[in-house]
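Report on one structure; see the data block that follows.
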Amino acid sequence: MSDSRYIEVAIHLPVFQTYTYSVPEPLLLQAVCGRRVQVPFGRQMVAGTVLGEATACDNAEIKPVAAVLDDGPLFPATMIPFFRWVADYYLYPLGETIANALPAGDLPKKSAPPVGKIPKDAVGDPILPDTPPDLTTDQEAVVADLVSRLDAGFCSCLLAGITGSGKTEVYMRVVAAALAMGKTALVLVPEIALIAQAEHRFCARFGHTVAVLHSGLSRTERWHQWSKIARGEAAIAIGTRSAVFAPLDRPGIIIVDEEHDTSYKQESGLRYNACDLAVVRAKLSDAVVVLGSATPSVQSLHNATTGKFSKTYRMDRRINRQPLPAITVVDLREQQARRGPRAYISDELHRAMAETLAQGNQVLLFLNRRGFASLPVCAACGNTIKCKHCDISLTLHKGANAFRCHFCGYSRAAARGCDICGSSSIKLLGLGTEKVEEAVKQLFPEASVARLDRDTTTRKGAMLRILKDLKNRKIDILVGTQMIAKGHDFPGITLIGVICADLSLNFPDFRAGERTFQLLAQVAGRAGRGVDPGRVILQTYNPDHLCIAAATRQDGSAFYDQEIAFRRQLGYPPFSRMVHLHISATDPAKAKARAREAGDCCTALKNSAPAVFGAVEVLGPVEAPIHKLASRYRWQILLKSRSAAAVKSFAARLLAQDGQRLRKGGVRLVVDVDPFFMM
DNA sequence: ACTCAACGAGAG
DNA sequence: TCTCGTTGAGTA
């Protein structure tokens, strides 16, 4: 049995088939499931992953495996059905799916990972063991119920717990119970910044059985963490979305923290949603999956009400019994006559900041846009300073003294001035965190002001440094983007100012309202985590907008009720499934023509089998909202249907029949199953 | 991704 | 008629 002659290999190239290879005698023991092999493919040698044994096929000449690349399996055989599911669902080649999941590059041969050292955090401070706190009655009830489900097969649960209700402690107790049963645990966190916190707490509780996986690790470190899990030396994997592929053997519990967060959606290459995949992986592993959030996604709430989830837990009280902060709305339309900093720091906010600082407390100002000015306009000729490669205005970054494109990354010196007339007199319209920081420094010269956004946190450990300074009261006022909205616990903060609540409202997709509500509710939750109660001042141009009004009242169920009615009426998810097709080319005419062609293919396919595909709506082709991005002209087609199976097979058929033809001549066709951002 | 065969426009 | 560059199909 063990001396099988043939194996199935997924080639790490964009090919949809798998291939059969023979295994020469000396490699029989090594060429096994989960290891990578080098195989002849056409005239060249390529890498592939062994999926398992195969029977000889007689319609092709079978070549032998050339070499086995790994000393041990990179993932357990139990993950192969999961990889197959992912490849099939996202219409992505299996070999590339696996290659995407694995750490990049090759496993470094030398230098074993350090063992037994005192665990350190990202700025080098030691992590000390913790003592588990007593649970609240809310927490106790949830933990008891979840633990009772651990050995009872697949189970999906929603944990809707308000900010500060102690969800992380619940996770840790359930993980401890799973470990005690000999199972492993997977914990997903939306972004790297939150890993530091989660890692800290899990390491303090569980020590060296914790492994972390995220893109901030060096290639070597990533491989170390990966193989620590693959070898069974770590039973807990904590990570960002790609960690949903962590090579854990028997996950008993899978946790998705802040499950509503859009960063679980991968927006390039294999466009998966780690939250959805966590549920799939749990199902294929007979595990319990917990989706936790203070502001659950509309999709999850819908799943909870329709019984698609096994159980919903609510934790409506904060651990410290503090009430949620009171929210005051300021109508920015009434501020429009004002000039300078006071145009976006209203009297109410200014006064509240002064009071808070006088009390010795801290202030958080939230604006979901980085840079100084997002709309630089030439004062001489009226030209908007735009990106060379995109149809988007550049953002002035004063710190870097450069204009930058937030979409393609293009950057040019600000000193060069207008690119049409050369004038150096540029009007700096549009607001960003840098401008707010500058204004606040002017208005409160005595206060210590810091900024937390992607620009101030690029260096390793910079983020944690700022957060620690905040905790140690070295910062009085912190200005930040959505980075500050997520998960952090700042006991000294009693005032939150939302500079402009409307920025995420105008995105061209149906989830804009949902994201705005969640962001505002999350930001508001940062206040009053300590002894003193908190308050929030929310500035907006749309005080009457339903989702802003609901966020103001902190009324999640009102938001959900109106949003779900809106989605039902318009047939949006969760009442339909969508597949988004992107067509792009560097030549605008070519992009347009090919988009037309793709649209015709869709219509033809629909008409070819009206019984099956009649229920699939084909919307478009239309120009993408950002028509030019990174020098490519973009078009899109949206496939939509109440039947998930219908859209899915429609897209699969379209790709099989017309994919190659539509992709020729430098035209890109990208398929996004369950799209999030349709820009 | 790479490679080979097929096809089509320009030089002899 | 020959050659170079581009395009499309196939890789076990």
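The values are calculated or read from the model by the stated rules, or taken from the named source; none is laboratory data. Nothing here was measured: the structure is a model prediction, and the numbers come from that model. So basically every Cβ, Gly included, is an ideal-geometry build from the backbone, and we count neighbours across all protein chains shown. For the accessible areas, the whole protein counts, side chains as well, though only heavy atoms, and no ligand, DNA or RNA atoms are used. Shrake-Rupley method; radii C 1.70, N 1.55, O 1.52, S 1.80 Å.
Peptides A:78-88, A:578-588, A:562-572 ranked from most to least packed by the mean count of surrounding Cβ atoms within 10 Å: A:578-588, A:78-88, A:562-572. Calculated [222 nm] ellipticity per residue, helices only, for chain A: -9500 deg cm²/dmol; basis is -39500 (n - 2.57) per DSSP H run with n ≥ 4, divided by all residues, nearest 500.
Backbone amide hydrogens, once placed in the peptide plane, bring A:Val212 within less than 5 Å of A:Ile238, excluding anything fewer than 5 places away on its chain.
Backbone geometry of region A:198-203 corresponds, through the Karplus equation with coefficients 6.51, -1.76 and 1.60 at θ = phi - 60°, to 3J(HN,Hα) couplings of 5, 4, 4, 5, 6, 5 Hz, x marking Gly and Pro. Counting only residues at least eight positions apart within a chain, or on another chain, the aspartates and glutamates with an alpha carbon under 19 Å from that of A:Lys590 are A:Asp391, A:Asp600, A:Glu623, A:Asp658.
Computed packing ranks the peptides A:378-391, A:285-298, A:48-61, A:170-183 as A:285-298, A:170-183, A:378-391, A:48-61, most packed first, by mean other Cβ atoms within 10 Å.
When you restrict to C-alpha pairs under 8 Å that are six or more residues apart and normalise by the size of chain A, the relative contact order lands at 11 percent. Rounded to the nearest 10 degrees, the inclination of helix A:588-608 to the longest alpha-carbon principal axis of chain A is 60 degrees.
Distances between placed amide hydrogens fall under 5 Å for A:Ala527 paired with no residue 5 or more residues away or on another chain. Assuming charge only on the beta carbon of Lys and Arg (+1) and of Asp and Glu (-1), the dipole of chain A about its Cα centre is about 1480 debye to the nearest 20.
Under 12 Å from the Cα of A:Lys468, which aspartates and glutamates turn up, not counting those fewer than eight places away in the same chain? List returned: A:Asp121, A:Asp125, A:Asp489. As an exercise, find the ratio Rg/Rh for chain A from alpha-carbon atoms, using the Kirkwood inverse-distance average for Rh. In chain A, Rg relative to Rh is 0.97. Along each principal axis, taking the top coordinate minus the bottom one, the Cα set of region A:577-673 gives 39, 24, 16 Å in descending order. Ignoring ligands, DNA and RNA, what percent of the 1.4 Å accessible area of chain A is carbon and sulfur? Of the solvent-accessible surface of chain A, carbon and sulfur hold 52 percent.
Looking at chain A alone, DSSP beta bridges between its own residues are antiparallel in about 50 percent of cases. Based on C-alpha pairs under 8 angstrom that are at least 6 apart in sequence, region A:1-40 has a relative contact order of 38 percent.
In this structure, the amide hydrogen of A:Met315, modeled 1.01 Å from its nitrogen in the peptide plane, lies closer than 5 angstrom to those of A:Ala160, A:Gly161, A:Ile162, counting only residues at least 5 positions away or on a different chain.
Loop only by DSSP, 10 or fewer other Cβ within 10 Å of the Cβ. Give me the trypsin sites (Lys or Arg not before Pro) in region A:287-378 that pass, ordered by residue number.
The qualifying sites are A:Arg321, A:Arg339.
Cross-link reach is defined here as a Cα-Cα straight distance under 22 Å, omitting same-chain residues fewer than 8 places apart; for A:Lys471 the lysines meeting it are A:Lys120, A:Lys167, A:Lys441, A:Lys460, A:Lys486. Protein heavy-atom accessible surface, 1.4 Å probe, per residue over region A:577-673: 45 Å².
Shown in residue order for region A:151-156 are the 3J(HN,Hα) couplings computed by the Karplus curve 6.51 cos²θ - 1.76 cosθ + 1.60 at θ = phi - 60°: 10, 10, x, 5, 7, 10 Hz (x for Gly and Pro). A 1.4 Å probe run over region A:119-202, with the rest of the protein chains in place, finds 39 Å² accessible per residue.
If we sort A:185-197, A:428-440 on the protection proxy, mean other Cβ atoms within 10 Å, highest first, what's the order?
A:185-197, A:428-440
Short-range pairs are left out: with C-alpha atoms under 8 Å and at least six residues apart, the relative contact order of region A:373-430 is 40 percent.
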